Every structure is written in structure tokens, then in C-alpha cells.
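Q: Have a look at the structure that comes next, please.
The values are calculated or read from the model by the stated rules, or taken from the named source; none is laboratory data. In this text the structure is predicted, and so the values were computed from the model without any measurement. Reconstructed Cβ throughout: ideal geometry from the backbone, glycine too, with neighbour counts over all protein chains shown. Side chains are part of the model used for accessible areas, which takes the heavy atoms of the whole protein and leaves out ligands, DNA and RNA. Shrake-Rupley method; radii C 1.70, N 1.55, O 1.52, S 1.80 Å.
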Amino acid sequence: MSSSDYLSLNRSSWDERAPAHAASPGYAVERFLSDPEFISAVVRFDLPLLGDVAGLDGVHLQCHIGTDTVSLARLGARMTGLDFSPASLAEARRLAAGAGHAIEFVEAVVYDAPSVLGRERFDFVFTGIGALCWLPKVRQWAQVVAELLRPGGWLFLREGHPILWALDERVGDRLVVDFPYFEREKPLVWDEAGTYVETDVAFEHTVTHSWNHGLGEIVTALLDAGMQLTTLVEHDSVPWEALPGQMERTDEKEWRLVDRPWRLPLTYTLRAIKRA
Ligand SMILES: C[S@@+](CC[C@H](N)C(=O)[O-])C[C@H]1O[C@@H](n2cnc3c(N)ncnc32)[C@H](O)[C@@H]1O
């Protein structure tokens, strides 16, 4: 399988899911349109570690249908969103226009972002929540992040923890590590009819390819790309129901293990600054 095959398989899957995601209560698109103060639960969770983004130039990599991108614009950032799925970007543009925000949404593969958007153009890169797992090589991604940032610019990444991606979510009564923790050349091949939000839509594009990247691999890739780590916090909650049957809702609209949630991290927040 060539590298373009994984891109076309994954793109077809995201294109098909984007309208269903935009229509699902989980993404709360209606709230964005009816309440000008509303920001996504993901960005609300981020606020204590995000700091002030007002007046900054930000890029949201793998922005999907734009709910977090619009949320960052509502916090005062001048935002650009990038994604390779035209159907996701159509939803994102519709949302931004309805919500009254001038956001540029650009269709491109993450690895092409510096050549498409321009080098050293942004004060911050925002990404995560199911983004890195679609990229085969974390070192190439870290290089992209560093190239997009101005000297002194920073990365904000909140992502599913690699130990969470290594668990078999189909086992509903205990934690079973069954998938790679470390990055491997070969993709994990999934064939799944559904998606991670409530929907009645029956999808036709069910096969996707993904990769895991260990936390040490992510941090080392960023250091080697010229970034300096400033924050690394692990969390016991995750924004989607990652382990069905074993989780309960938190006050922050996240999901946490019911039984001894201190056993393992489910997500992490990482900040890194591009060295001047
Ligand atoms: C789970 S979503 C990102 C989640 C986002 N935080 C959200 O919930 O709105 C993953 C996104 O990555 C995009 N994507 C996957 N692989 C990509 C690639 N190689 N280049 C650009 N975008 C990609 C998909 O189109 C999808 O919109």
C-alpha cells in the first residue's frame, strides 16, 4: 500500500462522517449559532493551561468541522484551520459564517502545511483530540509544527494518551493493552461502521488506517525539531466515551473511568515553545 492510499481511505471516512458530526448533539453546532459566547467543551477544558490568545495568529491543524477553531476565534485569536477533508471544511466554513467569524479554512495534508500556509507565520499551533493518530510519522509532524511557528511561538496539544490508544475498547469490563504503544511502520487497520458521536447514519466508508506514537517519541520529536517543552500534564479524563461500559461523565463534560480512575492517564496537555 502506498502512502497516498492511507490518505484516500482516511479522507473518505472523514468526508462521510463530517455531516453526521455537524448534526450530532455532541458537537453542539446549534449552540454556537444561538449563543455568541459559547465555546466548545474541549476548549473550555483547555482554558487553565491555554492562557490568553487574544490578538494572536493561530492555526488549528486537523480542525475537522471547526468547533474548536471558532472557539479560539471567540477568545480573540485570528484563526486559520487546516484539514484534508473537504466535507469537514464545508461544515467548518458554514459554522464560522453563521457564528460571524472570519476564519480561513485551508484544505491540505498536515505534512504539506508549511508549504501551503507559509513558514514562520503563526504565534501558536493548536491541535489534538484525535489528530496525531492519523499521521504515520510523529517526527515529520513535529517538524511541521516548528516550521509553522514564528520564533517564540508555541504549540498547544491536548491529545488522547498513547496508553489509551493501546487499549482494546471492545473489552467492556477491564483494561486490556492489545495495540502498539510505540510508533510502528505498519498501520493499524480498522473496519468500523460507526463513529464516536451518536448518529443513525449508516456509513459506507468503514476502513481506516491509524498509528500510535509513544509519549517519549512525541516529546523527543518536538525537542529534535527545535522546540522547548514548557508544560506536560496528564489527565484522568477524555472528551469522548473512549472505553464504553467503563466510563462516567465528569462535571466538565468529559469521560472518566468509573473504577479507580487513578490507574492510568487518558489524555495529556503538552505545551512547547519554538526556540528563538
Ligand atoms: C478527530 S478529528 C480532529 C478532532 C478535532 N479535534 C475535533 O473533534 O473537531 C480528525 C481530523 O483530522 C483530519 N485528518 C486526518 N488525517 C489528516 C491528514 N493527514 N492531514 C490533514 N487532516 C487530516 C480529518 O479529516 C479530521 O477532520
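Q: Residues that are hydrophobic (A, V, I, L, M, F, W, C) and closer than 30 Å to Arg275 by Cα: does the range 178-185 have at least one?
A: Pass one, the range 178-185, residues hydrophobic (A, V, I, L, M, F, W, C): 179, 182.
Now drop any that are not closer than 30 Å to Arg275 by Cα, which leaves 182.
Yes, there is a match, as at least one residue in the range 178-185 is hydrophobic (A, V, I, L, M, F, W, C) and closer than 30 Å to Arg275 by Cα.
Q: Which condition number in (1) crowded, with 19+ Cβ neighbours inside 10 Å; (2) in a loop (DSSP other than H, G, I, E, B) is the one that Phe32 fails?
A: So the condition that Phe32 fails would be (2).
Q: Among the residues of the range 2-21, what is the count of those that are open to solvent by less than 20 Å² (accessible area, probe 1.4 Å) and either away from the ligand (no atom under 11 Å from the Cβ) or among the aliphatic types (A, V, I, L, M) (or both)?
A: Residues that pass the stated criteria total 2.
Q: Restricting to the range 69-90, and then to whatever is surrounded by fewer than 24 Cβ atoms within 10 Å (Cβ to Cβ) and within 8 Å of the ligand (Cβ to nearest atom), can you tell me which residue is nearest to Leu148 (Cα to Cα)?
A: Filtering the range 69-90 for residues that are surrounded by fewer than 24 Cβ atoms within 10 Å (Cβ to Cβ) and within 8 Å of the ligand (Cβ to nearest atom), the one nearest to Leu148 (Cα to Cα) comes out as Phe84.
Q: Looking at the structure I just gave you, is Arg93 touching a strand residue (DSSP E or B) at 6+ places or on another chain (Cβ under 8 Å), open to solvent by 10 Å² or more (accessible area, probe 1.4 Å) and within 15 Å of the ligand (Cβ to nearest atom)? Before you say what the answer is, go through the steps one by one.
A: Details: touching a strand residue (DSSP E or B) at 6+ places or on another chain (Cβ under 8 Å): yes; open to solvent by 10 Å² or more (accessible area, probe 1.4 Å): yes; within 15 Å of the ligand (Cβ to nearest atom): yes.
Yes.
Q: Hey, another quick one. Are any of the residues in the range 205-215 near the ligand (Cβ under 10 Å from one of its atoms), open to solvent by less than 40 Å² (accessible area, probe 1.4 Å), closer than 18 Å to Ser8 by Cα and among the hydrophobic types (A, V, I, L, M, F, W, C)?
A: No: zero hits.
Q: What single numbered condition from (1) touching a Gly at 6+ places or on another chain (Cβ under 8 Å); (2) surrounded by 12 or more Cβ atoms within 10 Å (Cβ to Cβ); (3) assigned to a loop (DSSP other than H, G, I, E, B) fails to hold for Ala276?
A: (2)
Q: Restricting the search to the range 223-252, which residues are of a type in the set (D, E, K, R), part of a loop (DSSP other than H, G, I, E, B) and either farther than 15 Å from Pro48 by Cβ or free of Cβ contacts under 8 Å to residues at least 40 places away in the same chain (or both)? Spell out the reasoning first.
A: Step one: filter the range 223-252 for residues of a type in the set (D, E, K, R), giving 224, 234, 236, 241, 248-249, 251-252.
Those still in the list that are part of a loop (DSSP other than H, G, I, E, B) too: 236, 241, 251-252.
Within the range 223-252, Asp236, Glu241, Asp251 qualify.
Q: Which condition number in (1) within 30 Å of Gly153 (Cβ to Cβ); (2) open to solvent by 10 Å² or more (accessible area, probe 1.4 Å) is the one that Thr250 fails?
A: Looking at each condition in turn, Thr250 falls short on (1).
Q: Just checking, does the range 51-62 include any residue being assigned to a loop (DSSP other than H, G, I, E, B) and within 19 Å of Leu7 (Cβ to Cβ)? Write out each step before concluding.
A: Applying the first criterion (assigned to a loop (DSSP other than H, G, I, E, B)) to the range 51-62 yields 51-56, 62.
Remaining after also requiring within 19 Å of Leu7 (Cβ to Cβ): 62.
Scanning the range 51-62 turns up at least one residue that is assigned to a loop (DSSP other than H, G, I, E, B) and within 19 Å of Leu7 (Cβ to Cβ).
Q: Kindly indicate which of Gly194, Gly128, Gly153 is open to solvent by less than 80 Å² (accessible area, probe 1.4 Å), of a type outside the set (Val, Ile, Thr), under 25 Å from Ser40 (Cβ atoms) and without any contact (Cβ under 8 Å) to a residue 24 or more places away in the chain.
A: Numbers: Gly128 fails: without any contact (Cβ under 8 Å) to a residue 24 or more places away in the chain; Gly153 fails: without any contact (Cβ under 8 Å) to a residue 24 or more places away in the chain.
Just a single option satisfies the conditions, and that option is Gly194.
Q: Only one of Ile65, Ile39 is within 10 Å of the ligand (Cβ to nearest atom), among the aliphatic types (A, V, I, L, M) and open to solvent by less than 40 Å² (accessible area, probe 1.4 Å); which? Full working, then the answer.
A: On the way: Ile39 fails: within 10 Å of the ligand (Cβ to nearest atom).
Just one listed residue meets the conditions, Ile65.
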